[in-house]
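Here's the structure, in structure tokens; my notes come after.
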Amino acid sequence: MNMTIPQPTFYILKCEQSSPVNMPKPSCVNDDSRDLFNHMAQSLMQKGIMGPVQPIRTSCLGRCQMGPVMLVEPGHYMYVELTKEKIDKIIEQHIIGKKPVSKYLIDEKFWASPVEL
Ligand code: FES
């Protein structure tokens, strides 16, 4: 039997870093943003696209001042200052519609081309 398992179409890496109290630097998870990952996962399940779309909890993605953030791959699309409404729009327009939501993407000055190795 020759059974192949397809790759996911998208990975969504959601920063789930929560800083300790009194930490001077902000983090992506606080009382206001704690349920964003579950909201996204539920939405993907309800739409029947969990699997082809793989949501992943990550630690810090290095853009804490603009949190909550998530990275959509392929393409290195970094979405910032997330809310449930923005996540819903990103799923509809970017994931299902294949058109990134440019107004929610990080400003280019904070997301220049990758460093050459
Ligand atoms: S804590 Fe989320 S990007 Fe740093």
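The numbers here are math on the coordinates, done by the rules we state, and not lab data. This is a predicted model, so every value here is computed, not measured. Note that we place each Cβ from the backbone using ideal geometry, even for glycine, and neighbour counts take in every protein chain shown.
Step by step: find N for the stretch 10-101, compute 2.2 N^0.38 Å, then divide the Cα radius of gyration by it. What's the final number? Dividing the Cα radius of gyration by 2.2 N^0.38 Å gives 1.04. Note on the chain: helix-only mean residue ellipticity at 222 nm, from DSSP H runs of 4+ residues weighted -39500 (n - 2.57) and normalised by residue number, equals -4500 deg cm²/dmol.
Applying the Karplus relation 6.51 cos²θ - 1.76 cosθ + 1.60 with θ = phi - 60° to the stretch 31-44 yields 3J(HN,Hα) values of 4, 7, 10, 4, 9, 5, 4, 5, 4, 5, 4, 4, 5, 4 Hz, where x marks Gly and Pro. Between Leu117 and Lys47, the simple spin-label model (points 7 angstrom out along Cα→Cβ) gives 3.1 nm. Taking 0.36 nm per residue of separation and subtracting the Cα-Cα distance, full extension of the segment from Asn38 to Thr83 would add 15.0 nm.
Order these by the 10 Å Cβ neighbour count, fewest first: Met70, Met40, Met45.
Working: Met70 26, Met40 22, Met45 13.
Taking fewest neighbouring Cβ atoms as first place, the list is Met45, Met40, Met70.
Computed over the chain with a Gaussian network model linking Cα atoms closer than 10 Å, the most mobile of Cys60, Cys15, Cys28 is Cys60. When only the Cβ of Lys, Arg, Asp and Glu is charged (+1, +1, -1, -1), the dipole of the chain relative to its Cα centre reaches about 140 debye.
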